[in-house]
Amino acid sequence: MSNGQELLELSPVVPVVVVDDAADAAPVARALLAGGIRVIELTLRTPAALEAIEQVASAVPGIVIGAGTVTTPEQAKQATDAGAKFLVTPGCTDRLLEAVSGTGLPFLPGAGTVSEAMRLAEQGLTAMKFFPAEPSGGVAFLKAIAGPLPRLRFCPTGGITVGSAPSYLALPTVGCVGGSWLTPKDALAAKDFDRITALAKEAAALG
Ligand code: 3PG
């Protein structure tokens with residue numbers, strides 16, 4: 001895997017996962033794989049996140065593990081050291097962009113406006129996360145900017161559901177969507193990994 005464009009082709013849906021207990025990470029990854037989803041974005045939002053990435057990287061080789069919610073240069077390095085195979089940022093500052101590029105990993109930088117997307121394109125980055133997708137204009141926004149910016153491709157994330165995902169995936173500028181609906185908090189709390197597999201199957205079928 002060498003660039004962000006390839007990340008857009010891994011799966012119609014990239015599950016955005018928040019774990020409070022690192023021990024849940026490998027079972028969640030296996031449950032997603034069993035449902036046909038072979039990528040996982042583990043967000044750096046909890047103290048357990050880095051250990052969770054390490055566990056998935058070492059115990060579940062069949063899934064491509066990435067780190068999400070990378071907001072600082074330090075986190076970019078920590079996630080890389082933990083074994084992340086790609087990085088996702090919700091937005092982009094110059095320092096963060098330099099740090100994520102410096103890791104050598106493929107990454108999806110976040111953009112939520114036309115100017116943010118254009119700034120990334122100026123750096124040669126044509127694959128990005130569109131975040132937060134629904135509050136930023138959703139499908140209508142992406143349709144509108146495909147005219148002036150047809151070369152850019154997106155992973156819209158934020159407020160997307162299994163119901164709204166198909167309207168995003170139908171756009172030529174969308175490679176995949178991201179969402180947390182595959183790993184609901186209550187399913188994680190109950191360690192209901194079968195439910196996660198069922199949600200993953202439904203999401204994988206959107207491809
Ligand atoms: C993210 O970080 O990408 C989003 O919080 C995921 O958004 P969702 O919870 O609305 O799917």
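Read the figures in this text as sums done on the coordinates, not as results from a lab. As the structure is a prediction and not an experimental result, all values here were calculated from the model. Positions of Cβ are generated from backbone atoms using ideal geometry, with glycine treated the same way; all protein chains shown enter the neighbour counts.
Approximating the spin labels as points 7 Å out from Cα along Cα→Cβ, the ARG95-to-LYS191 distance works out to 4.1 nm. Note on ALA170 and ALA121: the model spin-label points, each 7 Å out from Cα along the C-beta direction, lie 2.4 nm apart. Shape class for segment 7-201, computed from the alpha carbon gyration tensor (a ≥ b ≥ c): oblate, with a/c not under 1.5 and a/b at or below b/c.
Taken about its Cα centre, the chain carries a charge dipole of about 460 debye when Lys and Arg each add +1 at the Cβ and Asp and Glu each add -1 at the Cβ.
For segment 85-174, a/c is not less than 1.5, where a ≥ b ≥ c are the root eigenvalues of the C-alpha gyration tensor, and a/b tops b/c. That puts it in the prolate class.
Express as a percent, rounded to the nearest 5, the fraction of DSSP beta bridges in the chain (both residues included) that run antiparallel. List each step's numbers first, then the result.
Values: 0 of 22 bridges.
If I count the DSSP bridges inside the chain, around 0 percent turn out antiparallel.
Each of the peptides 37-43, 166-172, 60-66 was scored by the mean count of other Cβ atoms within 10 Å over its residues; in descending order, highest first, they stand as 37-43, 60-66, 166-172. The distance from the alpha carbon centre of segment 59-83 to that of segment 177-207 is 21 Å, rounded to a whole number.
Using a/c under 1.5 as the rounded threshold, could you call segment 1-92 rounded, prolate or oblate? The axes a ≥ b ≥ c are square roots of the C-alpha gyration tensor eigenvalues, and prolate needs a/b larger than b/c, oblate otherwise. Here segment 1-92 falls in the oblate category. Annotation: lysines with alpha-carbon distance below 21 angstrom to LYS191 (same-chain offsets under eight excluded): LYS201.
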